[in-house]
Amino acid sequence: GVSGIQGGVTLNEIHLDFNDFAGSTIPNELYSFNRLRILTMDSSNVSGKINGVFNFLKNLQVFSANDNKLDGSLLQGGYLSTLSTLRLRNNSLTGTLPTSLNLFVSLSVLDLSRQKSDESPGLEGPLLEFSQMPNLKRLDLSDNSLSGPIPGFFLAGVDPDMFEYADLAENSLVSSIPVGLKSIFSKVYLQNNKITSVDQICESALKGSNLEFFGCDAILCSPGTYNYLGRSRSYDNPCEQCNISGGAQFFGSTSCEAPKELNPKDAIELIYSSCGGPNWISSTNWMSGNVPVCQWEGIQCSGDGSIVE
């Protein structure tokens with residue numbers, strides 16, 4: 001525990017990594033350190049919610065709690081203008097990405113990856129734009145259940161020279177890759193999503209580059225092909241043909257496997273991405289992670305919530 005340290009109210013750094021809090025919540029004693037700038041608790045066997053961190057530690061610049069058992073929704077309604085690093089990899093967070101994340105203008109590192117498990121979908125709903133974050137260098141949202149299209153102004157405010165990567169792999173993102181990502185496309189990882197087109201970005205991003213020879217495979221392997229990276233950028237790892245019927249059905253596949261049977265919601269999302277959903281005249285509530293699919297315009301459900309039309 002941390003009992004006995006309350007007297008150190010002037011502390012500005014606390015590192016509790018690799019301790020064992022036996023599955024208890026983040027100790028309330030930590031919330032009295034209002035001058036705290038850095039708090040790290042990686043692999044410390046803590047559980048519960050993290051709202052207190054953002055409600056009480058208003059000067060926090062770095063919060064890292066990777067590899068724990070933190071759960072619930074993330075940051076609904078709260079934000080820290082001072083926060084530059086937020087690392088919560090491999091926990092059990094659920095719900096949607098709160099729009100308040102767009103207000104974290106000082107963020108340089110955001111890692112919310114690996115929330116998905118056999119018991120939980122992890123983070124769901126739409127991907128945020130993160131378009132007003134000039135300091136952002138690393139973004140990792142991989143291995144969740146984010147869905148819907150990639151926003152047109154995604155990462156529009158980052159510095160292409162300083163930006164390091166955005167990992168969106170292993171989600172359920174659909175539709176095409178916005179042409180606005182052409183200056184950082186080589187730093188954006190999208191393998192194993194449900195991408196159905198790279199036409200918009202392919203020509204503009206590759207023209208005149210040293211990857212032009214590999215064609216659109218340098219963006220993502222085309223449907224029906226695959227390799228372990230989901231894209232080809234060297235002669236040593238071309239995108240290979242998948243000979244399993246229906247295998248590797250989306251851009252960016254890393255394996256050749258028979259497609260899993262789509263549940264009704266996934267099938268509807270695929271219709272949206274394959275039929276120009278973002279350009280539909282009317283698509284109220286479609287792809288809104290916080291709105292039940294039965295409330296999407298044109299969708300009809302039975303009394304038990306099953307999709308019928």
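The values are calculated or read from the model by the stated rules, or taken from the named source; none is laboratory data. Quick caveat, the model's predicted, so the values are computed rather than measured. Virtual Cβ from ideal backbone geometry, glycine too; neighbours counted across all protein chains shown. Each accessible area value is taken on the protein alone, full model and side chains, heavy atoms only, with ligands, DNA and RNA left out. Shrake-Rupley method; radii C 1.70, N 1.55, O 1.52, S 1.80 Å.
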Quick one: which of L229, L220 is out of contact with any Pro (no Cβ under 8 Å at 6 or more places or on another chain), open to solvent by less than 20 Å² (accessible area, probe 1.4 Å) and under 16 Å from E170 (Cβ atoms)? L220
Tabulated pairs, region 150-171, first closer than 15 Å to I195 by Cβ, second outside any loop (DSSP other than H, G, I, E, B) and open to solvent by 70 Å² or more (accessible area, probe 1.4 Å), C-beta under 6 angstrom, 6+ apart or interchain: D167/Y189; A169/Y189
Within region 17-29, restricting attention to residues that are assigned to a loop (DSSP other than H, G, I, E, B) and either at pLDDT below 95 or open to solvent by less than 10 Å² (accessible area, probe 1.4 Å) (or both), which residue is nearest to K116 (Cα to Cα)? G23
Quick one: would you say F185 is at pLDDT below 95 and open to solvent by 30 Å² or more (accessible area, probe 1.4 Å)? no
Open to solvent by less than 20 Å² (accessible area, probe 1.4 Å) and either touching a helix residue (DSSP H, G or I) at 6+ places or on another chain (Cβ under 9 Å) or under 29 Å from V158 (Cβ atoms) (or both) - does that describe any residue in region 239-247? no
Name the residues in region 50-71 that are modelled with pLDDT of 90 or more and either under 20 Å from N90 (Cα atoms) or aromatic (F, W, Y) (or both), would you? V62, F63, S64, A65, N66, D67, N68, K69, L70, D71
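Conditions (1) under 24 Å from K137 (Cα atoms); (2) of a type in the set (A, V, I, L, M, F, W, C), marked per residue:
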site: F18; (1), (2): no, yes
site: I38; (1), (2): yes, yes
site: N55; (1), (2): no, no
site: L60; (1), (2): yes, yes
site: N66; (1), (2): yes, no
site: L80; (1), (2): yes, yes
site: S100; (1), (2): yes, no
site: D111; (1), (2): yes, no
site: S117; (1), (2): no, no
Looking only at region 140-151, count how many residues are in contact with an Asp or Glu (Cβ under 8 Å, 6 or more places away or on another chain) and farther than 15 Å from E124 by Cβ. 2
So D159 passes all but one of these: (1) over 28 Å from D236 (Cα atoms); (2) modelled with pLDDT under 95. Which condition number does it fail? (2)
Could you list, ordered by first residue, the pairs with Cβ atoms under 6 Å in which the first is in region 103-127 and on the phi > 0 side of the Ramachandran plot and the second is assigned to a loop (DSSP other than H, G, I, E, B) and open to solvent by less than 20 Å² (accessible area, probe 1.4 Å), at least 6 apart or interchain? G122/Q115; G122/N144
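Based on this model, can you work out whether F63 counts as open to solvent by 20 Å² or more (accessible area, probe 1.4 Å) and touching a helix residue (DSSP H, G or I) at 6+ places or on another chain (Cβ under 7 Å)?
no
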Conditions (1) under 29 Å from W296 (Cα atoms); (2) surrounded by fewer than 20 Cβ atoms within 10 Å (Cβ to Cβ); (3) at pLDDT 95 or above: number failed by T254: (1)
